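Report on the structure given below.
The values are calculated or read from the model by the stated rules, or taken from the named source; none is laboratory data. Note that the structure is predicted; figures quoted are calculated from it, not measured. In this analysis, Cβ positions are derived from the backbone assuming ideal geometry, glycine residues included, and neighbour counts consider all displayed protein chains. In case anyone asks, the SASA skips ligands and DNA or RNA and just uses the protein heavy atoms, side chains included. Shrake-Rupley method; radii C 1.70, N 1.55, O 1.52, S 1.80 Å.
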There are 2 protein chains.
Amino acid sequence: LVNEQRIVIIGCGAGGGTAAQLARKTDRNAKITILEMSKYAQYSKCGLPYVISEKIKKFENLIEFSKEWFEKEKINLYLNTEVTEVNIKEKKITFKKDNKLEYTEFDKLILATGAESNIPPIKNIQINNKLTQGVYCLRTLEEGKILYSALKNVKKVVIIGAGLIGLETADVLYQKGLNVTIVEALPNILENTLDSDMSNSILNEIESKINVYTNHFATEIELKNEKIENIHIKNNETNKEFKIETDLIVVATGSKPDVTIAEKIGCKIGKKGGITVNEKSETSVKDVYAAGDCTEYKDFITKQSTLIGLGSIAVRQGIAAGINAAGGNYALHEGLLQTRTSEFFGYEVAAVGPVKKEISNFPIVYGKFSGSSLISYFPGGKPIVMKIGVNENTGEIISAQSVGANAALRINVFACAIQNKVHVEDMRKMETAYAPPIAPTLDAITLVCDVAYLKYSRKNR
Amino acid sequence: LVNEQRIVIIGCGAGGGTAAQLARKTDRNAKITILEMSKYAQYSKCGLPYVISEKIKKFENLIEFSKEWFEKEKINLYLNTEVTEVNIKEKKITFKKDNKLEYTEFDKLILATGAESNIPPIKNIQINNKLTQGVYCLRTLEEGKILYSALKNVKKVVIIGAGLIGLETADVLYQKGLNVTIVEALPNILENTLDSDMSNSILNEIESKINVYTNHFATEIELKNEKIENIHIKNNETNKEFKIETDLIVVATGSKPDVTIAEKIGCKIGKKGGITVNEKSETSVKDVYAAGDCTEYKDFITKQSTLIGLGSIAVRQGIAAGINAAGGNYALHEGLLQTRTSEFFGYEVAAVGPVKKEISNFPIVYGKFSGSSLISYFPGGKPIVMKIGVNENTGEIISAQSVGANAALRINVFACAIQNKVHVEDMRKMETAYAPPIAPTLDAITLVCDVAYLKYSRKNR
């Protein structure tokens, strides 16, 4: 008789779902159980804006791995299931399904409880601890459906937060013909993705389509007969306050990790509020792993602990958690590159490594290059702006940002370079693929390195 | 009085023109002279097929740096100029311009004499040492113009050679509505670019548009009243010979380096027939440099000397030759990656590192992955096939090939990995940029590494 190991996963998002899949691949006999609060199997949160835009036909298309898929893999997926207690000593979980309490035992536990939207302290944003009607988030499939319905008969919309998700949503609503205003408390759009010189390079185009208020925070929502009429916003510097007429508000001011269970069972919570995990997705509690947006892990360059906010990292942590929980051995790299990308208002943007403000005390030289995706004589070339940061002492590339044609794939080249501590002098000499319809003899990838190298070598003469 | 150094460059192609530019950047006072046989300043050979297709409006558009541009940079560019003698002892060059002999002296000489088309030994291909009327090459701007004119009233065309240039030309002529046949003596198309399993993956689609005869060599051109009527081709295995009716023939069977001057002045010529250069683009003769298609240099993986056949490498060697000749210090990487790409018949193909047949005696495991450029739920994803080779003993990635969406940029990531001897285990864990409209959470870049890693780890258990 084989003594099957029992793996329980709380949460079936990108981290939890992937962990289950990899646990199954690692141990064909393990008893694997997922407890998921919502009624949906593993779906893509990042796809939500594209259902709103109707690029994707329906919300259910975002489900990447269905309940049936998990069944076929002999993974027990409980939906609509709330964990009520985890007894870590007895390794026993109590959960509520269909208003009935049940329990299950585990040998290994994987926490993939995700995160929930930050709700900024704006007067009238909530009534009785619930979002006021007309105020919406876009983090879950349920929220997506609600927002989609609410958009009927709406003409004016205000989005709070000009990060990646705020801008993706802004673009989608602009495409639907709405009058869109985006309000950002920080001095620039995309503060966590790009340096201000890079984000400013696309600001004019964005401002030609929507209203952008950076350095402004929302203070109050004005209601009339329980309907939103205005939102008040205030300039951070001048304190000047004014109101904007709006029918609907979308909150996109980031998220905070859900660590309720993790805290109760004694997992170490980091400074940023996420479950502290190591490169194997282990928490501080034996036999307990964590993956995805509920965790924090160190950054490759700054070595500072940082919240996970990217689906790509959730999946990679899920791989590690699933394999290790099932008895395998899988370690992620020593720190996160945070390779990231998105597209909106006709721009592809991508970056890897910390933005300037996060490493303002580092010795860094920056190189920047603006060019085209193709040789000048070939029609159809598209603009590219690239910027890289280089350690002034070692010459190693530590960050890269790109706006324009195939920004993401160019940034992937730098992800490889940063991960492997490649010197800017080596990188600028790299042979890139060349053909007139595809790329120039010297791609922006190497030309931006030339610029940074010159600055680096001047400092190191 | 400054004693200006004198740099003479023979040839104004990608290697020579770039060398002149970088010499000028390195030394603002040097006297720089380029002697160019043709009547054109630096132009892009790789762009020629796209003028034939009329994607580019005229041949002169391919001139990337005009005579005026060089003048502005105070570089003396002599066009229509034939070098008649190089006296290496006295550092004196005699050349003929407008039927007048002149001479110039140099401190440093850069040979960028390029290559000329291989003419295969086919009966009637030449008459009196000149290509028979109706037979054309597509290597120089002059040849491009001649071919373009010759295409009027042509219905059937045979291309000899199914390498990158042969296939680019085939596609262009197919797009013009011609009946195209391509004949290749080797067993597969693209033998120097892709492994046969990769090239075969696009063969069906190509064969639906043009006639492809691999493993066949052309033996004889049949003329009638000095006009081409048929070409005879012969199966390499069965020796069966037959004829194909054709109005026009394009020869695309590679090139051979022009080393006439190099040989005369005593430069070491390598086994492949090119001028032997090192990482600084130095030849074996003091103060003589060489760059581009006239040279050979060692491959990064095989360590074998290999002919330069890529514009991207010519430019990089030109950079080294120009900087070093002008007194700077610039070394290329220890060996060539031969990163290469092209597109035809709707496919983008790209590769880096040696093809399988070149390294059949190496201990290698291969991984292959077929997938999509986007997550399955997002519309518009395009197929990608990737294959990588991994050193079975060290785990280092040594080659990569790709067919499909953004093949070239994905291959650039592997160029970085190969150059920096990245282990396949590290590469498979790399964070790639993810967003639904741009790339999946796990890109083909890492998924192909997963496949190769599994094979590698099985061998190293």
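Tabulated values for the structure
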item: Residue match in region B:420-427 (condition: over 23 Å from the mean Cα position of the chain (by Cα), part of a helix (DSSP H, G or I) and hydrophobic (A, V, I, L, M, F, W, C)); result: yes
item: Among the candidates A:226, A:168, A:207, residue that is buried (at least 20 other Cβ atoms within 10 Å of the Cβ) and among the acidic types (Asp, Glu); result: A:168
item: Region A:443-455: number of residues that are more than 10 Å from every other protein chain (Cβ to nearest Cβ) and either aliphatic (A, V, I, L, M) or within 32 Å of the chain's Cα centre (by Cα) (or both); result: 8
item: Helices (runs of 4 or more DSSP H) lying entirely in region B:1-109 (those with 1 or more residues that are of a type in the set (Asp, Glu) and open to solvent by 30 Å² or more (accessible area, probe 1.4 Å)); result: B:67-72
item: Condition met for residue A:320 (touching a residue at least 12 places away in the same chain (Cβ under 8 Å) and within 8 Å of another protein chain (Cβ to nearest Cβ)); result: no
item: Count of residues meeting criterion [assigned to a loop (DSSP other than H, G, I, E, B) and surrounded by 24 or more Cβ atoms within 10 Å (Cβ to Cβ)] in region A:268-300; result: 8
item: Residues within region B:381-402 that are under 22 Å from residue B:345 (Cα atoms) and more than 10 Å from chain A (Cβ to nearest Cβ), tallied; result: 9
item: Residue tally, condition among the charged types (D, E, K, R) and over 30 Å from residue A:311 (Cβ atoms), over region A:99-114; result: 3
item: Unmet criterion (only one of (1) open to solvent by 70 Å² or more (accessible area, probe 1.4 Å); (2) farther than 15 Å from residue A:221 by Cα; (3) in contact with a Ser or Thr (Cβ under 9 Å, 6 or more places away or on another chain)) for residue A:138; result: (1)
item: Which numbered condition residue A:363 fails, given (1) surrounded by fewer than 18 Cβ atoms within 10 Å (Cβ to Cβ); (2) within 14 Å of chain B (Cβ to nearest Cβ); result: (2)
item: Some residue of region B:375-394 being more than 27 Å from the chain's Cα centre (by Cα), closer than 23 Å to residue B:299 by Cα and hydroxyl-bearing (Ser, Thr, Tyr); result: yes
item: Test: residue in region B:142-157 that is of a type in the set (D, E, K, R) and under 23 Å from residue B:185 (Cα atoms); result: yes
item: Output for region A:403-417, where each listed residue is more than 7 Å from chain B (Cβ to nearest Cβ) and buried (at least 24 other Cβ atoms within 10 Å of the Cβ); result: A:407, A:414
item: Of all residues in region A:334-357 being open to solvent by 30 Å² or more (accessible area, probe 1.4 Å) and under 26 Å from residue B:426 (Cα atoms), the one that is farthest from the other protein chains (Cβ to nearest Cβ); result: A:334
item: Region B:279-298 - residue that is of a type in the set (S, T, N, Q) and more than 19 Å from the chain's Cα centre (by Cα) and, of those, farthest from residue B:115 (Cα to Cα); result: B:284
item: Selection from region A:419-442 of residues that are under 21 Å from residue A:370 (Cβ atoms) and more than 7 Å from chain B (Cβ to nearest Cβ); result: A:424, A:427, A:428, A:440
item: Among (1) part of a loop (DSSP other than H, G, I, E, B); (2) in contact with a helix residue (DSSP H, G or I) (Cβ under 8 Å, 6 or more places away or on another chain); (3) within 14 Å of chain B (Cβ to nearest Cβ) - the single one residue A:327 does not satisfy; result: (3)
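Every residue, every condition in (1) more than 24 Å from the chain's Cα centre (by Cα); (2) among the polar types (S, T, N, Q), yes or no:
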{"site": "B:199", "(1), (2)": "no, yes"}
{"site": "B:204", "(1), (2)": "yes, yes"}
{"site": "B:209", "(1), (2)": "yes, no"}
{"site": "B:213", "(1), (2)": "no, no"}
{"site": "B:220", "(1), (2)": "yes, no"}
{"site": "B:223", "(1), (2)": "yes, no"}
{"site": "B:247", "(1), (2)": "yes, no"}
